Amino acid sequence: EQIMKGNYEHYMQKEIHEQPDSLTTTMRGRLTSGEGGKPKGVVLGGLKEHVDTIRRSRRIIFIGCGTSYHAALASRQIIEQLSGVPVTMELASDLLDRQCPIFREDTAVFVSQSGETADTLLALEYAKKRGALCVGVTNTVGSAIARGTHCGVHINAGAEIGVASTKAYTSQIAVMTMIALALGQDSISNREMREAIIDDLLRLPEKVREVLKLDEAMRELARELVNEQSLLVFGRGYNYATALEAALKVKEVALMHSEGILAGEMKHGPLALVDETMPIIVLATRDAIQQKQQSVIQQLLARKGRLIIVCTEGDSVKMCPSGKAKVIEVPHIADCLQTVVNIVPLQLLSYHLTVLRGFNVDQPRNLAKSVTTE
Ligand code: G6P
């Protein structure tokens, strides 16, 4: 076992630090950089023959559980933007509870690291029966979801052993971004945007390597937060998914109450929780909606909120002129990929919190890596 963990103490730690490599493997052979006369683009073998059908579908439904659902949520906007098809989100169990209407003109995308999650698998059978085109995004070749879907893309992140998903999350987002690019491939109007995203996908492993240098700073932050009862995480836009995923990590491994909050909903309840003691992480990296997050920060500080701001390198003063917050600076990348960079320090934070609190990192109590019963 120690051999498999290499120089790391836990699988989760190893898998967090492995992400520059797992992301590289996820993208290998799938992106053309524009060199050697080939146009910049994406090749996804498992999807090729179905791209037109997906593009013509009435809606795309993303279905998953846990971290896989969050990865889908993180990719929703770029898929909508580049494909022009509306995307709806479904937690597999809820889709089944509601008996959600699904039609032949729908594309249902099943996101699952293991490819074996019972609820997701049942949702697949349900959608198939109703005639939807079913696409699988899994990490496990030959898994039930990979076999049961009409087509799909493997994320190739390598085996993930820690119960809390880390590298699968970032690779799922990379794959879904490539799916968005494939769906938008024929459109002239968004060509520049697609090319910029391809450039940033190719830069992504390097950016993740950079952000991993925050390891020690995150251990330090974990020391400050180790005895807290609760931790809130505010995000919006692409980083709503980051907020939910960060809170899930803290909850599942560090066994600390944590809640991911859509910052746009702040005034509809969460603001009542703000005081000098409750730690709040605010995701406020540079993107199309940064100004709105800037105003959220001001409003939280006006209520004496105890903030930890995650912002883009060089933006500390802009985001917190009063200096009355702790700031974590991360490298900048395209809006749709920023969540991949942003989640890494928060994965590290949850890891260190768990170790400091003395809990089992790789096998949190009551949880299983793959939930194969309803
Ligand atoms: C379990 C795992 C999570 C995972 C979820 C969905 O709860 O502990 O890490 O996100 O199942 O699993 P899947 O294999 O379908 O992605």
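Throughout, read-outs are computed from the coordinates displayed, never taken from laboratory work. What you are looking at is a predicted structure, and each value in this text was computed from that prediction instead of being measured. When we count neighbours, we look across all protein chains shown, and the Cβ atoms used for this are built from the backbone with ideal geometry, even at glycine.
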Report, to the nearest 10°, how far helix 118-129 tilts away from the longest principal axis of the Cα atoms in the chain, using its own Cα long axis and a range of 0 to 90°.
-> 30
The helix 167-184 Cα axis meets the longest alpha-carbon principal axis of the chain at an angle in degrees, between 0 and 90 and rounded to 10, of 50
Compare the peptides 9-17, 162-170 by average per-residue count of other Cβ atoms within 10 angstrom and give them in order, highest first.
-> 162-170, 9-17
Running Debye on the chain with equal point scatterers at the Cα sites and no solvent, what base-10 log of I(q)/I(0) appears at q = 0.11, 0.12 Å⁻¹?
-> -0.74, -0.89
Using a simple spin-label model with points 7 Å from Cα along the Cα→Cβ vector, what separation in nm is obtained for Arg203 and Arg130?
-> 4.1
Give me the angle, in degrees from 0 to 90, between the Cα long axis of helix 66-83 and the longest principal axis of the Cα atoms of the chain, rounded to the nearest 10.
-> 60
Computed curve, segment 212-268, Cα-only Debye sum without solvent term, log₁₀ I(q)/I(0) at 0.22 Å⁻¹, is -0.91
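Past 20 Å, Cα to Cα, is the threshold; run Lys167/Lys292; Lys14/Lys213; Lys167/Lys207; Lys14/Lys369; Lys267/Lys318 against it and keep the listed order.
Values: Lys167/Lys292 30 Å; Lys14/Lys213 14 Å; Lys167/Lys207 15 Å; Lys14/Lys369 16 Å; Lys267/Lys318 23 Å.
The pairs that break the limit, which is 20 Å between Cα atoms, are Lys167/Lys292; Lys267/Lys318.
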Separation between the Glu224 and Gln299 pseudo-spin-labels, each 7 Å from Cα along Cα→Cβ, expressed in nm?
-> 2.4
Roughly how many Å is it from the Cα centre of segment 38-55 to that of segment 295-355, as a whole number?
-> 36
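Is the shape of segment 123-202 best called rounded, prolate or oblate, per the rule: a/c under 1.5 gives rounded, else a/b larger than b/c gives prolate, else oblate, with a ≥ b ≥ c the square roots of the Cα gyration tensor eigenvalues? Numbers along the way, then the final one.
On the way: a/c = 3.02, a/b = 1.27, b/c = 2.37.
Judged from the Cα gyration tensor, segment 123-202 comes out oblate (a/c at least 1.5, b/c at or above a/b).
Taking Cα pairs under 8 Å and at least six residues apart, what relative contact order does segment 185-278 come out at, in percent?
Once divided by the residue count of segment 185-278, the mean separation gives 21 percent.
Based on the Cβ-Cβ distance from Glu195 to Val141, what FRET efficiency comes out when R0 is 35 Å, to the nearest 0.05?
Values: r = 31 Å, r/R0 = 0.88.
The computed FRET efficiency comes out at 0.70.
Viscosity 1.002 mPa s, temperature 20 °C: what is the translational diffusion coefficient of segment 170-225 from Stokes-Einstein with a Kirkwood Rh over Cα pairs, rounded to a whole number of µm²/s?
Numbers: Rh = 13.4 Å.
Estimated via Stokes-Einstein, D reaches 159 µm²/s.
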Okay, helix-only estimate at 222 nm for the chain: each DSSP H run of n ≥ 4 adds -39500 (n - 2.57), divide by all residues, round to 500 deg cm²/dmol; what do you get?
-> -14500 deg cm²/dmol
Could you list Ser258, Ser93 in order of exposure, starting from the residue whose Cβ has the fewest other Cβ atoms within 10 Å?
-> Ser93, Ser258
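How would Ile281, Ile79 line up from fewest to most surrounding beta-carbon atoms within 10 angstrom?
Details: Ile281 29, Ile79 25.
Fewest-to-most Cβ neighbours within 10 Å comes out as Ile79, Ile281.
How much length is gained if the chain between Lys324 and Ile289 is pulled fully straight, taking 0.36 nm per residue apart and subtracting their Cα-Cα distance, in nm to one decimal?
Working: separation 35, 0.36 × 35 = 12.60 nm, distance 2.21 nm.
My answer for the length gained is 10.4 nm.
Once fully extended, how much extra length lies between Tyr8 and Thr53, figured as 0.36 nm per residue of separation less the alpha-carbon to alpha-carbon distance?
11.7 nm
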Cβ-derived FRET efficiency at R0 45 Å, Lys267 paired with Thr372, nearest 0.05 | 0.65
Classify segment 62-115 as rounded, prolate or oblate from the Cα gyration tensor: take a ≥ b ≥ c as the square roots of its eigenvalues, call it rounded if a/c is under 1.5, otherwise prolate when a/b beats b/c and oblate if not.
-> oblate
Build a GNM of the chain with springs between Cα atoms under 10 Å: which of Leu271, Leu95, Leu204 gets the top mean-square fluctuation?
-> Leu271
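If you rank Leu23, Leu133 by fewest surrounding Cβ atoms within 10 Å, what's the result?
On the way: Leu23 27, Leu133 21.
Taking fewest neighbouring Cβ atoms as first place, the list is Leu133, Leu23.
Which of the peptides 113-119, 236-242 is most tightly packed, and how do the rest follow, going by the mean number of other Cβ atoms within 10 Å of each residue? All intermediate terms of the calculation are to be shown ahead of the outcome.
Numbers: 113-119: 23.3, 236-242: 26.3.
Output ranking for 113-119, 236-242: 236-242, 113-119.
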